1. How much of the DSSP beta bridge set in the stretch 299-446 is antiparallel, as a percent to the nearest 5?
2. Express the carbon and sulfur contribution to the solvent-accessible surface of the chain as a percent, rounded to the nearest whole number, probe 1.4 angstrom.
3. With the contact rule set at Cα under 8 Å and sequence spacing of 6 or more, what percent relative contact order holds for the stretch 3-144?
4. So which chymotrypsin sites (Phe, Trp or Tyr not before Pro) in the stretch 243-303 are both in a DSSP loop and have at most 16 other Cβ atoms within 10 Å of their Cβ?
5. Counting only the heavy atoms of the protein chains, how much of L152 is accessible to a 1.4 Å probe, in Å² to the nearest 10?
6. Using θ = phi - 60° and the Karplus curve 6.51 cos²θ - 1.76 cosθ + 1.60, what whole-Hz ³J(HN,Hα) does each residue of the stretch 415-432 get, with Gly and Pro shown as x?
7. Using the Karplus curve 6.51 cos²θ - 1.76 cosθ + 1.60 with θ = phi - 60°, what ³J(HN,Hα) values do you get for each residue of the stretch 196-211, in whole Hz, with x for Gly and Pro?
8. Set Lys and Arg Cβ to +1 and Asp and Glu Cβ to -1, take the dipole of the chain about its Cα centre, and tell me which of I3, L123, A27 lies farthest positive.
Amino acid sequence: MTIKLKITLWFTIFMIILSAVIFAFIAFYSSSTSVHELRGKLMGLVEKNTKEIEYDDGELEIDDDFVSYKNGIFCFVFSEEGERISGAAPAAALEKGPFQDGVIRSVRAGAEPYLIYDRLVPLSKRKRVWLRGAVPERGGAVDTAAIYRAALIAVPLLIVLAATSGYLIAGRSLRPIKEIGRTAEGIRESGDLSRRIRVDSSGDELHRLAEIFNGMFDRLETNFEAQRHFTADASHELRTPVSTILAQCEYALENVSEREELYQLIGAIQEQGYRISHLIDSLLSFTRMEQRTESYTFEDIDLSALVLTVCREQGSSSEKGITLSEAVEPGIRMEADGALMARLLENLIRNAYRYGREKGRITVALEKDGGKIRLSVADDGIGIAAEELPKIWNRFYRVERSRSSAMGKGLGLGLAMVKQIVELHGGRIEVKSEPQWGTVFTVFFATAP
Ligand code: ADP
């Protein structure tokens, strides 16, 4: 059973119950008020008539104003002993006692129920008479049959109306769900992640849900695209060293008989092997970090000490005769994963060496600036052209010039990883560079509150 049908059904059942209750209420209320009215009229007439009889000269006198019949109410007079003196009762059963002064009672005369009201009226010291009013009870009851007849027509009409409107309203409000289902189905069938649910501006819960789904599709699409590029790039990167190895093996098997030359070739093959291994390692740690499958330990670390240690390790290489100097403010602490922070700095320093000039300088600085920690690595190397700057953070991106040059042995993953580490720590990284003058990478972290 669809939700639409369920809502319609519940709505209709509710309407049936509601209309039944309303009709029952109307029937009950109208009959009870009219019975109440009838009792009032009965009493009123009898009480009025009590003033229209008197005893004069031993004779009972009934005034002309005495009303013996009005609006279905009969009024008649009995002697104190219960003998009828005047007026005619509509049924014989009403013409005898017992009498009860000032009480309205229900009395059955044949099949007909009557309301009667008696009054003992004192006319002189010794003479008293009974005055009795009687009215058929049915006379006051509204025509309940008419109400039921009306209900018989109105209730089915109401139900049909309720069912139709319920069906239409449910259909209208559930339309976004249908749309969500259709889009998801479309994506499943075609694999086209660019499809989106059409959302109007009503802003209700279902539209909010549709928006959430659209957001999820956005994310899925971006992730999926990134994954696809990543796989394509990784395969591309692996293909080059692998084909080099294969070509060298083929050449060795066919042409090389000299031991010397063979050694040389194996050396070249080993180099490619290292490259592949390095690539695989980088890819693995990169993916783990991206998918957050590796667990990190964020703790209060002495960043100043860590920076000094990394600088000491990296600076000992004295590659290209470059000097590395550090300007580190002591005692700067932050919540971080020590291993990741070390990797971040290593990557930046390695790049500074790789793209630095012969006998150049690298400066690593760490300082606290207001509520921020600033860590920078500056070199005076080849620099990066302005149009390349936004792209250097992309995975596998290498500036063409550096790739072709002897320096360009990198994989193009270093800065992408640096950016990820910075983001993982809630920080921000920026780069300033001038071709032929050098490059400065600056990382900002918030200090602990
Ligand atoms: P790679 O492994 O190639 O160094 P990175 O992601 O670390 O990859 O860097 C991407 C590109 O950014 C490099 O190929 C290089 O062209 C450029 N680059 C990075 N750091 C520097 C730097 N300090 N000076 C000049 N160019 C740099």
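The values are calculated or read from the model by the stated rules, or taken from the named source; none is laboratory data. In this text the structure is predicted, and so the values were computed from the model without any measurement. Cβ coordinates were reconstructed from backbone atoms using ideal geometry, including for glycine residues, and neighbour counts include every protein chain displayed. Accessible surface areas use protein heavy atoms only, side chains included; no ligands, DNA or RNA. Shrake-Rupley method; radii C 1.70, N 1.55, O 1.52, S 1.80 Å.
1. Values: 27 of 33 bridges.
Bridges in the stretch 299-446 that DSSP calls antiparallel: roughly 80 percent.
2. On the way: 15140 of 26810 Å².
Of all accessible area on the chain, carbon and sulfur atoms account for 56 percent.
3. Values: 207 pairs, mean separation 35.7, N = 142.
About 25 percent, as a whole number.
4. Details: sites: Y251, Y263, Y274, F286, Y296, F298; in loops: Y296, F298.
Listed in order of number, the matching sites are Y296, F298.
5. So the heavy atoms of L152 present about 130 Å² to solvent.
6. Values, residue by residue: 6, 4, 5, 4, 4, 5, 5, 4, 5, 4, 9, x, x, 9, 10, 9, 10, 10 Hz.
7. Using θ = phi - 60°, the values come out as 9, 7, 6, 10, 8, 9, 5, x, 7, 4, 5, 5, 5, 4, 4, 5 Hz.
8. Toward the positive end, the furthest listed residue is I3.
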